[in-house]
Amino acid sequence: MKHDELGVWRVVLLGIMVGGALWFWAGTSLAQEQEVSTAGKKVFDQNCAVCHGRDAKGDGAASSLLTVKPADLTQIAKRAGGSFPFWKVYGVIDGREDIKGHGPRDMPIWGAEFRSQAGASPTAESQTRGRILELVYFLQSLQAK
């Protein structure tokens, strides 16, 4: 085998290895994302479904008691031009983003509640962020196509 052919085979082998690693990483990442989303469903059912409904379409048991109808959370990406605004949704849940019906920016609804539930432990902030991320991944999984 000539020196040039050996170089080509090295590049091909490297490409196969990188492609395999990316395929493995994507599969692992998808499985982890689904696991987080499943945990988010539980958080959603416990905290959000009463207003947004079990199917997140804005028709929960308490929705008729509110002055502003809860949003259909399956349409977030559609309302945002087709792309799910991951970090904006995170900010809304945390309370840093204003949304109609949830009060002003200085009233973080779920961020404050999750922080309160986590207590004063050294991991409280991480637990809070984790619960919010679970919700965001769950909501992302619900988006209408």
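The values are calculated or read from the model by the stated rules, or taken from the named source; none is laboratory data. Since the model is a prediction, treat every value here as computed from it, not as a measurement. Positions of Cβ are generated from backbone atoms using ideal geometry, with glycine treated the same way; all protein chains shown enter the neighbour counts. Surface areas here come from the heavy atoms of the whole protein model, side chains and all, with no ligands, DNA or RNA. Shrake-Rupley method; radii C 1.70, N 1.55, O 1.52, S 1.80 Å.
When you look at residue 145, is it open to solvent by 80 Å² or more (accessible area, probe 1.4 Å), modelled with pLDDT under 85 and on the phi < 0 side of the Ramachandran plot, yes or no? Yes: the conditions hold for residue 145.
Regarding residue 97, is this residue over 22 Å from residue 63 (Cβ atoms), of a type in the set (Asp, Glu) and either modelled with pLDDT under 95 or under 18 Å from the mean Cα position of the chain (by Cα) (or both)? No; evaluated as a whole, the condition is false for this residue.
Conditions tested, residue by residue: (1) at pLDDT 90 or above; (2) among the hydrophobic types (A, V, I, L, M, F, W, C); (3) surrounded by fewer than 17 Cβ atoms within 10 Å (Cβ to Cβ).
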| site | (1), (2), (3) |
| --- | --- |
| 80 | yes, yes, yes |
| 105 | no, no, yes |
| 113 | no, no, yes |
| 132 | yes, yes, no |
| 140 | yes, no, no |
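Entry remark, the stretch 70-101: residues being of a type outside the set (A, V, I, L, M) and either touching a residue at least 60 places away in the same chain (Cβ under 8 Å) or under 18 Å from residue 45 (Cα atoms) (or both) number 7 in total.
Selection of the stretch 50-71 for residues being surrounded by 18 or more Cβ atoms within 10 Å (Cβ to Cβ) and either more than 27 Å from residue 145 (Cβ to Cβ) or touching a Gly at 6+ places or on another chain (Cβ under 9 Å) (or both) yields 51, 52, 53, 60, 70, 71.
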